[in-house]
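Asker: Have a look at this one.
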Amino acid sequence: MDLMGVQTALLALAASTLLAQTSAHLGEIRQLTFGGQNAESYWSPDGRRLIFQSTRDGLQCDQIFIMNADGGDARMVSTGKGRTTCAYFLKDGKHIVYASTHEADPACPPPPDRSKGYVWVLHSTFDNYLATDDGKIIKKLTDTPGYDAEATVNFKTGRIIYTSMASGDPEIWIMNPDGSGKRQITRSVGYDGGAVLSRDGKKIVWRAKHQTTPEDIAKYKELLAKDLFWPMKMELFTADADGRNLRQVGSSNCASFAPTFTPDGKKILFASNQHACDTRSFELYLINLDGTGLERVTHFGGFTSFPEFSPDGKKLAFTSDWKAASPREFNIFVAEWK
């Protein structure tokens with residue numbers, strides 16, 4: 001066998017080893033996007049489409065796109081102005097909700113100053129918008145000072161759960177699809193966000209970093225005054241849909257986020273760097289609701305996050321830099337879920 005043949009065989013062996021490492025839960029994996037920064041892909045209620053955010057084709061920051069479940073017919077459905085994030089289909093499959101800064105400024109907001117460490121920007125100009133699935137904005141759903149984003153939708157109840165600074169601190173809120181009936185769910189000092197309702201609409205899971213000491217609270221509020229948050233120490237929390245029976249799920253002292261309930265509601269699938277704390281290496285993990293049974297699901301060796309199960313529970317969409325052809329490239333994948 002020549003050198004090229006040896007290299008080909010080694011690559012094939014590496015690929016089969018990788019599949020074996022993930023085969024306990026992931027079957028065939030299909031890459032849907034190629035190039036750019038693509039993230040947070042979420043299913044339509046009928047499982048035929050995915051909505052996601054992407055910086056591609058000369059865009060300076062994220063806009064919202066919809067594509068078929070096989071990756072075909074991708075098209076932009078946001079305004080093309082400002083920065084967008086966190087899009088989701090509504091229960092009827094004909095409308096979407098997403099956050100955008102376009103009303104405050106058509107230009108992309110400036111990137112954060114990370115000279116003193118990695119931070120997230122909670123842009124105060126983000127608000128949630130209701131639109132048709134072809135991009136026509138129907139209504140502005142949030143209009144309070146400060147950050148409003150991270151909306152997800154429960155397809156059984158139709159309710160929208162999201163993160164808002166309406167109380168002066170990033171907390172979990174819930175509202176009706178038309179923006180009415182807003183109600184605050186969490187009330188701890190510190191960031192609470194990225195919430196998802198279980199399929200039956202009875203429970204919530206989210207990521208949080210609650211501040212308890214005077215020193216930590218002071219540092220947190222100093223950053224928050226600049227619309228910044230340090231996200232590298234976050235844990236998962238669950239509660240009933242009304243906020244009662246709150247409990248922390250596990251304790252990694254690292255960064256855990258992007259949680260979602262498994263289709264049967266008995267476990268949580270999430271992204272974490274607990275295998276390499278304080279780094280930006282994230283893999284997918286499973287854990288029971290009581291914090292037991294932690295299990296690593298992926299071993300891609302880079303950044304993998306934002307998992308979501310298809311409505312029929314047979315597939316998993318996620319974002320990863322696996323197979324990236326260039327630095328800072330992130331693509332959307334769909335895998336069979338075992």
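The values are calculated or read from the model by the stated rules, or taken from the named source; none is laboratory data. Values in this document were obtained by computation on a predicted structure and should not be read as measured data. When we count neighbours, we look across all protein chains shown, and the Cβ atoms used for this are built from the backbone with ideal geometry, even at glycine.
Asker: Just give me the residues in the stretch 66-87 being of a type outside the set (S, T, N, Q) and surrounded by 23 or more Cβ atoms within 10 Å (Cβ to Cβ), in sequence order.
Answerer: Correct list: GLY82, ARG83, CYS86, ALA87.
Asker: Name the strands (runs of 3 or more DSSP E) wholly within the stretch 247-318 that hold at least 3 residues that are within 16 Å of ILE204 (Cβ to Cβ)?
Answerer: Counting at least 3 such residues, we get 247-249, 256-261, 267-272.
Asker: Right, another one. Which ones in the stretch 42-60 are under 22 Å from PRO109 (Cβ atoms), of a type outside the set (Gly, Ala, Ser) and in a strand (DSSP E or B)?
Answerer: Scanning the stretch 42-60 gives ILE51, PHE52, GLN53, THR55.
Asker: Starting from the stretch 291-316, take each residue that is under 15 Å from PHE261 (Cβ atoms) and list its partners that are crowded, with 20+ Cβ neighbours inside 10 Å and among the charged types (D, E, K, R), counting only C-beta distances under 6 angstrom and pairs at least six apart or across chains.
Answerer: From the stretch 291-316, the pairs are PHE306/GLU40.
Asker: Can you tell me which residue is surrounded by the fewest Cβ atoms within 10 Å (Cβ to Cβ) among those in the stretch 263-307 that are among the β-branched types (Val, Ile, Thr) and closer than 19 Å to ALA195 by Cβ?
Answerer: So, considering only residues that are among the β-branched types (Val, Ile, Thr) and closer than 19 Å to ALA195 by Cβ, the one surrounded by the fewest Cβ atoms within 10 Å (Cβ to Cβ) is ILE287.
Asker: Do we find that THR163 is within 29 Å of THR238 (Cβ to Cβ) and modelled with pLDDT of 95 or more in this structure? Can you show your working first?
Answerer: Details: within 29 Å of THR238 (Cβ to Cβ): yes; modelled with pLDDT of 95 or more: yes.
Taking the combined requirement at face value, the residue satisfies it.
Asker: Could you grab me the full set of residues in the stretch 215-243 that are without any contact (Cβ under 8 Å) to a residue 40 or more places away in the chain and of a type outside the set (Asp, Glu)?
Answerer: ILE217, ALA218, LYS219, TYR220, LYS221, ALA225, LYS226, LYS233
Asker: Moving on to the next point. What number of residues within the stretch 106-155 are in contact (Cβ under 8 Å) with a residue 60 or more places away in the chain, assigned to a strand (DSSP E or B) and over 25 Å from ARG199 (Cβ atoms)?
Answerer: 2
Asker: Tell me yes or no: at least one residue of the stretch 158-178 is in contact (Cβ under 8 Å) with a residue 24 or more places away in the chain, surrounded by fewer than 20 Cβ atoms within 10 Å (Cβ to Cβ), in contact with a strand residue (DSSP E or B) (Cβ under 7 Å, 6 or more places away or on another chain) and basic (Lys, Arg).
Answerer: yes
Asker: If I ask for residues that are of a type in the set (A, V, I, L, M) and within 14 Å of the chain's Cα centre (by Cα), which ones from the stretch 308-338 would you list? Full working, then the answer.
Answerer: Of all residues in the stretch 308-338, those of a type in the set (A, V, I, L, M) come to 316-317, 324-325, 332, 334-335.
Those that are of a type in the set (A, V, I, L, M) and within 14 Å of the chain's Cα centre (by Cα): LEU316, ALA317, ILE332.
Asker: Name the single residue, out of those in the stretch 319-338 being assigned to a loop (DSSP other than H, G, I, E, B) and either touching a Pro at 6+ places or on another chain (Cβ under 7 Å) or without any contact (Cβ under 8 Å) to a residue 60 or more places away in the chain (or both), that is surrounded by the fewest Cβ atoms within 10 Å (Cβ to Cβ).
Answerer: PRO327
Asker: Can you find a residue in the stretch 218-226 that is surrounded by 14 or more Cβ atoms within 10 Å (Cβ to Cβ) and of a type in the set (Asp, Glu)?
Answerer: No, there is no match, as no residue in the stretch 218-226 is surrounded by 14 or more Cβ atoms within 10 Å (Cβ to Cβ) and of a type in the set (Asp, Glu).
Asker: Considering only residues that are more than 22 Å from LEU224 (Cβ to Cβ) and crowded, with 19+ Cβ neighbours inside 10 Å, which ones fall in the stretch 179-196?
Answerer: Residue satisfying the conditions is VAL196 alone.
Asker: Would you mind stating whether THR8 is at pLDDT below 95, more than 30 Å from MET175 (Cα to Cα) and touching a Ser or Thr at 6+ places or on another chain (Cβ under 6 Å)? Lay out the reasoning, then the answer.
Answerer: Numbers: at pLDDT below 95: yes; more than 30 Å from MET175 (Cα to Cα): yes; touching a Ser or Thr at 6+ places or on another chain (Cβ under 6 Å): no.
Taking the combined requirement at face value, the residue does not satisfy it.
Asker: Another one. Quick one: what pairs do we get from the stretch 186-208, first residue over 19 Å from ALA271 (Cβ atoms) and touching a residue at least 40 places away in the same chain (Cβ under 8 Å), second part of a loop (DSSP other than H, G, I, E, B) and charged (D, E, K, R), C-beta under 8 Å, 6+ apart or different chains?
Answerer: Pairs found: ARG199/LYS156; ASP200/LYS156; GLY201/LYS156; GLY201/ARG159.
Asker: Another question, if that's okay. Looking for something under 27 Å from the mean Cα position of the chain (by Cα), modelled with pLDDT under 95, over 13 Å from VAL334 (Cα atoms) and surrounded by 16 or more Cβ atoms within 10 Å (Cβ to Cβ) - is there at least one such residue anywhere in the stretch 21-35?
Answerer: yes
Asker: Take the stretch 40-65 and flag every residue that is surrounded by fewer than 22 Cβ atoms within 10 Å (Cβ to Cβ) and of a type in the set (Asp, Glu).
Answerer: Listed by number, the residues that qualify are ASP46, ASP57.
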